[in-house]
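Working notes, structure below.
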């Protein structure tokens, strides 16, 4: 098959961000060594997206959102000394109470630290933090070093009637981290970054006890060392933590094989004002309303997750991602549905719509990119076969296991791909998909530096509703752009297949005017409402936070919202645990 | 391979109990047509276990529990006219309120109806109901015919401060149905039996909306008619309902493929005092603490389940169960563990310990049973191979799907079976396993008629804990028998495999003295405590009820119990919804 190895490269980064995190795997983690992302953007300082070697990128952006990359001068990185950080509100009492537990060096009211812990990394967050919009920051940031410290801290802070917001990697994009602007009590961000150890592997059971503050690469490196993998690789993997995954019901790219974090996380320990909540890790159980599933997605409202027992798997003998082209979106969707209904179990199923396929082609590098490909004649070949290249849809399907299992699965998948008019284009693009999959969020800062908003919304819906959800979402975004008088872009892929449906993941972008957040709200609201109107969930794996809370009644009805409100009121009567999130 | 077709026949019944239930599939279900089990025992009146054609059974029972079946005269079936049913406590107000919703004909205070709705079918329940021990029965039984009626009924009953206990098939063995003896308010059993319809199938998504009161055979027949199956076949299948499965987190025999009911049930509708709670059926979602998983296992404490949207599958092209022998229990356990860690996906994995294997051999019929088998020389062959036949363990492994998929899966499984010293013995036993799997509970009444107690306890534990759980449970039961001065029996099988562990299902029996319930408590408590002490769940698929509530702190810690207590207090402040169950 043709080598398309650079065809779908996701944005390149200047250096590898994972190495830095991995270095913490074994050393005792000091407060100073807890890694944080840029205060004003995604990822590691010094790393960013650039397009100079991607000849198709600038024309693509010009066409998509009307932005001339060669004409616009990017903003300089924001300077922290220009940011007006409001003073902390603690009169010293909460600080003393926290320091009595964790020691003085693990409590700070440093302005930069407080700003880093104010927001996640949504478009709304980045716009505000870059503009110095900080109506409320945490008053203190605390770095407990042990589970006992977390428990004592929670007890002490609630005794002082402080507000507790747990903080993992800070990659949240649903508004789960920000303090309520109206909050008059002392707000404390509890950073779990020092709790980053693999405690133990039960090798017979494939269960690993891991501290909640471990970043993806940190925990995966510790598992890999012993021949194991968690199999959970969300886009945020490099900068998100196990506790954060559990708190927001995260899902990783190989969820078709390994499950969502809701399947992977079997046991968990949570520091609550009354004491440590400990859900024992059973493979399954019929023990009443599931306390395990109450903690999953709880976003800090039930306490601070300190440790999770997760399913782990032997690193598979073989792991490969193949790329396929489908003649159009309908064919791609139908093929994914047929795969889900079959006896086949690939580990990754993903197909991009024509727009996202165009985006992927446009981010290929010059050396081995689209032009090289065109020379090799694949596109001409497809055209001769009668394909409309503007409708072309790129798909990735992953396989893992023993080599003969992988071979058999691939053969069975490719029979179904063929039945739906698809064509295999080899492993080249898949290798790159794999290497670069965690770097896409850097592109958002690149665009923001150039006056352009970009963000994502994703949903899960039954197979029968995917096309209606897709069509209405595209139409809703376009209507929103029209109402703003903006030229906008929206693209989509299907990923995470289940028996009954799949996830649709939308990315949207537009050049904004004077009030980017207000304009973003118009687009984001239109997209989310389209999901709800056509039977899609408010999110598949990004959580609720503040951003998606308005659609909770669509998901679980007003009565279901009432049940959750009752739960939080009963288990956190003082409203100390990340109040206002999920349901007010 | 040798035909062992009658080797592991489960107890024979005199007529087929499923036909009766299936006949309700299409007709509009009238109050009088809601099927109930015997008031004093399991299953359909007139159906029972007998052993006359099973020559090995009486010697087996004599050896196991010291009971001479030929010497003991069975009790006659209990007579209802000797039962002293306490009068209902309603002064007419609650009856009027209920009748205003469902009509007069759908409300009853009939003594038999009240007794039928007092208990489930645990050993404790059967002993009490046969002895006329009825400290508290429901005062009224109501049969709503529509979801609207259920909702209006719940609202009206709570307005009258009545207690509501939802009732499905009445097969519960965890004490989830009985009214609190200390309850002074009017207790109403809400029987869902008229809500037994398949509403709709979303064929593209493999999702079916089904009313909660549908019995297993009733809903399966409606699905089969259109080419679909729910794939959920608990032992109680014939006499349990979809709503009951959800309310107790049930698991079926093919759970390795189809999942537990917690996986199968995607959406649900629940009548609550405040209105209808409606969880939309998504394939997956990150919408905060899962309201879906709150309803699962809620045993009526959050309201009355009226409808469930379940995953359904096309009836597979091929479905087969093969039997295997292992030389001993350790080899059987190790083989199941190796299967779970492999790339293979059988639909059923099950292995009996040597005792349960002995029981299965003893329930074979004369005509084609053990003696015939012995003649055919398999046992002699195994003996020549060096097997200790007293250690022999029988295993069932099931396969489903397209024929070539089934063939490949079986080949891969049998490689692993062979690696663990196992040997295939064909499909004969599997066919019988399949036909008779729902009839085992009849045996309990047969024993009870002869002064012998029998019941079951099951647990789920990580692979590493299965052997410790097993060993301690056997030892604990034997110590309990010794303390009672009884000759007792306990046997076990592994079933329901997961990545991280499996279910161990224990059956125990003993000849009791003057106080069977007190003696049963000694044994049952010892078994449950052994589970908890070695890391097993309090139940894998029977629920909590009253029977297992004492072990909730072991499962989710005292703090987790507090969270559930808070949940129930907040969402049912009057304590009207099946109070005292799960956590007091």
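Throughout, read-outs are computed from the coordinates displayed, never taken from laboratory work. As the structure is a prediction and not an experimental result, all values here were calculated from the model. FYI the Cβ positions are ideal-geometry reconstructions off the backbone, even for glycines, and counts take in every protein chain you see.
Placing a label point 7 Å from Cα along the Cα-to-Cβ axis, residue A:317 is separated from the same position in the other copies by 2.6 nm, shortest listed first. Please work out whether the stretch A:68-219 counts as rounded, prolate or oblate from its C-alpha gyration tensor, where a ≥ b ≥ c are the square roots of the eigenvalues and a/c under 1.5 means rounded, while otherwise a/b larger than b/c means prolate and anything else oblate? It is oblate, given that a/c is not under 1.5 and a/b is not larger than b/c. Please work out, to two decimal places, the log10 of the ratio I(q)/I(0) at q = 0.07 Å⁻¹ from a Debye calculation in which every Cα of the protein assembly as shown carries one identical scatterer. One equal scatterer on each Cα of the protein assembly as shown leads to -0.68. The other copies place their residue B:203 label points at 5.1 nm from this one, listed shortest first, where each point is 7 Å from Cα along Cα→Cβ. Only helices enter this figure: runs of n ≥ 4 DSSP H residues, each worth -39500 (n - 2.57), summed and divided by the residues of chain B, yield -10500 deg cm²/dmol at 222 nm to the nearest 500.
Across the residues of B:565-576, average count of Cβ atoms on other protein chains within 10 Å?
Values: counts 2, 9, 11, 5, 3, 10, 8, 2, 1, 0, 0, 0.
Average neighbour count from other chains, rounded to a whole number: 4.
Among the residues of A:91-101, the average count of other protein chain beta-carbon atoms within 10 Å of the residue beta-carbon is 0. DSSP assigns beta bridges within chain B; of those with both partners inside it, close to 90 percent run antiparallel.
Given the convex hull over the Cα atoms of the stretch A:104-151, what projected area results after averaging over all orientations, in nm²? Let's see the in-between values first.
Values: hull surface 16.4 nm².
Result: a mean projected hull area of 4.1 nm².
A Förster distance of 25 Å, applied to the separation of the beta-carbon atoms of residue A:73 and residue A:521, puts the FRET efficiency at 0.35. Sorted from shortest to longest, the distances between the residue A:575 label points of this copy and the other copies are 2.9 nm, with each point 7 Å from Cα along the line through the beta carbon. Taking the C-alpha atoms only, the angle from helix B:147-159 to the longest principal axis of chain B is near 60 degrees. Averaging Cα coordinates gives a centre for the stretch B:453-495 and one for the stretch B:514-539; these two points are 9 Å apart.
Note on the stretch B:198-314: along the principal axes its Cα atoms extend 37, 30, 26 Å, ordered by decreasing extent.
Just to check, using Stokes-Einstein with a Kirkwood Rh over alpha carbon pairs, what's the diffusion coefficient of the stretch B:451-558 at 25 °C and 0.890 mPa s in µm²/s? D, rounded to a whole number, is 176 µm²/s.
Would you mind estimating how fast the stretch A:402-515 diffuses translationally, via Stokes-Einstein at 25 °C and 0.890 mPa s with the Kirkwood radius over Cα pairs, in µm²/s? It would help to have the intermediate numbers written out before the result.
Values: Rh = 17.1 Å.
It comes out at roughly 144 µm²/s.
So how tilted is helix A:516-533 from the main axis of chain A? Cα-based, degrees 0 to 90, rounded to 10. Compared with the principal axis, the helix lies near 70 degrees. Packing, as the average of other Cβ atoms within 10 Å across residues, places the peptides B:316-328, B:50-62 in the order B:316-328, B:50-62, highest first. The tail of the calculated P(r) for the stretch B:230-386, taken as Cα-Cα distances beyond 29 Å, holds 40 percent of the pairs.
Our analysis of the stretch A:31-110 gives Rg over Rh at 1.21, with the two radii drawn from alpha carbon positions and Rh computed by the Kirkwood formula. In this calculation the C-beta distance from residue B:475 to residue B:224 is compared with R0 = 45 Å, giving a FRET efficiency of 0.50. Averaging over all projection directions, find the projected area of the Cα convex hull of the stretch B:58-101 and quote it in nm² with one decimal place. Computing the convex hull of the Cα atoms and averaging its projections yields 6.7 nm².
Site pair residue B:391 and residue B:32 shows an inter-label distance of 6.2 nm when each label is modelled 7 Å from Cα along Cα→Cβ.
Computed from Cα positions, the angle between helix A:403-419 and the longest principal axis of chain A comes to roughly 60 degrees.
Taking the inverse of the mean reciprocal distance over all distinct Cα pairs, the Kirkwood hydrodynamic radius of chain A comes to 24.5 Å.
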